[in-house]
Ligand code: ATP
Ligand code: MG
């Protein structure tokens, strides 16, 4: 039986890689201009980091982690990168730098989910984290950065949704209200929602189960419990965010039922959705997580960030076509061919040749498929120190010396 890539994983093949490189290059350009620095953390961490950092009532920690034991140590493939970045921030005393500390990352994440379009078990995220700013200008800067990045990739058919989850004080009352409204049909909700009910009822609003969503509608849940009653500080933060977004000319929609999958969010949460994706339509999710640094052992530090799914981005972008190489050297003299290819490469061209010294006709066939020009290096060319350069688009041939070609 032949071995295939594990379920929920995908090879990113050469024909797709130019699009990925473009996404990564654009990220690096846009983020460095905003003075964000790249950080790379390990793909696995102590399991404890995610249990504490992502939260024990989340789907991620409950059922999606790839955890393994080595030398009595429980390790987990990172399901997301915020916890890892916070760990590195603390471990390397980055809190000593004058705030804000602005970081970005890219890389693979691992979640044991049911694979479907736009949902994999190994997938990739690009994200940013910003530490040390309490003011809503940081939330706005992060949302701005996400939208600049998406625009730079040519994506415009997007909707920014925002909400405020308030702090633990304003959330408490809302949770009770929500529980009361859900109680009449709790027994009909999915098993996950039953579990969320006591531990983290807000997460019920994020349920993706169709039947649950139908029940929310039937019982008019969203009208019964409208939005969180924010305390003065949270309300003023949210108001400021909207003012900043207006000044920055970022269009947004308020969605008072936007909750995020992770436990650590406070105040601002947001998502960017694409109208061009199917049911997995969120390309970006993020928010403020003022409690996380302290929860992981640091001093209380305000923080805000987001993550984007690169597979979903890639599926939205017109794939960049593979370029033809510049020169393919056609020759029956391997040594001379190699020498010429190396000179062309050193001069900055993409050049290749036939490693098998097949018949000229075979070599020319290959050249026509992959290259803009063929350079014929036969007996006469070698003897008289010139090259026959064939334009493979127009079939025109010219005799040139190497110096002429390189100039
Ligand atoms: P979703 O609601 O789609 O499950 P999430 O709330 O779990 O997303 P985050 O953990 O905030 O998402 O991750 C941010 C982004 O990463 C998502 O908006 C999405 O684009 C992408 N993403 C998350 N999980 C996956 C996955 N399993 N496969 C592919 N992309 C994913
Ligand atoms: Mg998810």
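The values are calculated or read from the model by the stated rules, or taken from the named source; none is laboratory data. Note that the structure is a prediction, hence the values are computed from the model and not measured. No Cβ is skipped: glycine too gets one built from the backbone with ideal geometry, and neighbour counts run over all protein chains shown.
Could you tell me whether any residue of region 338-348 is touching a strand residue (DSSP E or B) at 6+ places or on another chain (Cβ under 7 Å) and either modelled with pLDDT under 95 or not in a helix (DSSP H, G or I) (or both)?
No.
Regarding region 82-96, can at least one residue be identified that is assigned by TED's automatic domain parsing to the domain that holds residue 143, surrounded by 19 or more Cβ atoms within 10 Å (Cβ to Cβ) and within 16 Å of ligand 2 (Cβ to nearest atom)?
yes
What are the pairs, 6+ residues apart or on separate chains, where a residue within region 40-63 that is within 14 Å of residue 200 (Cβ to Cβ) has its Cβ under 6 Å from a residue that is away from ligand 1 (no atom under 13 Å from the Cβ)?
Matching pairs, first to second residue: 57/199; 57/200; 61/51.
Could you grab the pairs with beta carbons closer than 6 Å, sequence gap of 6+ or different chains, first residue in region 103-132 and on the phi > 0 side of the Ramachandran plot, second one assigned to a loop (DSSP other than H, G, I, E, B) and more than 8 Å from ligand 1 (Cβ to nearest atom)?
Short answer, once both residue conditions are applied: 132/99; 132/100.
So residue 213 passes all but one of these: (1) touching a residue at least 24 places away in the same chain (Cβ under 8 Å); (2) within 16 Å of ligand 2 (Cβ to nearest atom). Which condition number does it fail?
Against the list (1) touching a residue at least 24 places away in the same chain (Cβ under 8 Å); (2) within 16 Å of ligand 2 (Cβ to nearest atom), residue 213 comes up short only on (1).
Do any strands (runs of 3 or more DSSP E) entirely within region 349-404 hold 3 or more residues that are within 40 Å of the chain's Cα centre (by Cα) and at pLDDT 95 or above, and if so, which? Show your work before the answer.
Details: elements: 351-353, 371-377, 387-391, 397-400.
Here the list reads 351-353, 371-377.
Out of the residues in region 80-104 that are outside any helix (DSSP H, G or I) and in contact with a strand residue (DSSP E or B) (Cβ under 7 Å, 6 or more places away or on another chain), state the one that is nearest to ligand 1 (Cβ to nearest atom). It would help to see each step written out before you state the result.
Just the residues of region 80-104 that are outside any helix (DSSP H, G or I), to begin with: 80-81, 92-93, 97-104.
Next, only the ones that are in contact with a strand residue (DSSP E or B) (Cβ under 7 Å, 6 or more places away or on another chain) stay: 80-81, 99-104.
Values: 80: 5, 81: 10, 99: 24, 100: 21, 101: 21, 102: 19, 103: 16, 104: 14 Å.
Only one residue tops the list, namely 80.
Tell me, please, whether a residue that is touching a strand residue (DSSP E or B) at 6+ places or on another chain (Cβ under 9 Å) and part of a loop (DSSP other than H, G, I, E, B) can be found in region 65-76.
yes
Would you confirm, using the coordinates I've provided, whether residue 392 is touching a helix residue (DSSP H, G or I) at 6+ places or on another chain (Cβ under 6 Å), surrounded by 17 or more Cβ atoms within 10 Å (Cβ to Cβ) and over 19 Å from residue 332 (Cα atoms)?
For residue 392, the condition - touching a helix residue (DSSP H, G or I) at 6+ places or on another chain (Cβ under 6 Å), surrounded by 17 or more Cβ atoms within 10 Å (Cβ to Cβ) and over 19 Å from residue 332 (Cα atoms) - is met.
Restricting the first residue to region 364-379 and requiring it to be closer than 14 Å to residue 394 by Cβ, which pairs with a second residue that is assigned to a helix (DSSP H, G or I) and at pLDDT 95 or above meet a Cβ separation below 9 Å and a spacing of at least six or different chains?
373/367; 374/363; 374/364; 374/367; 374/368
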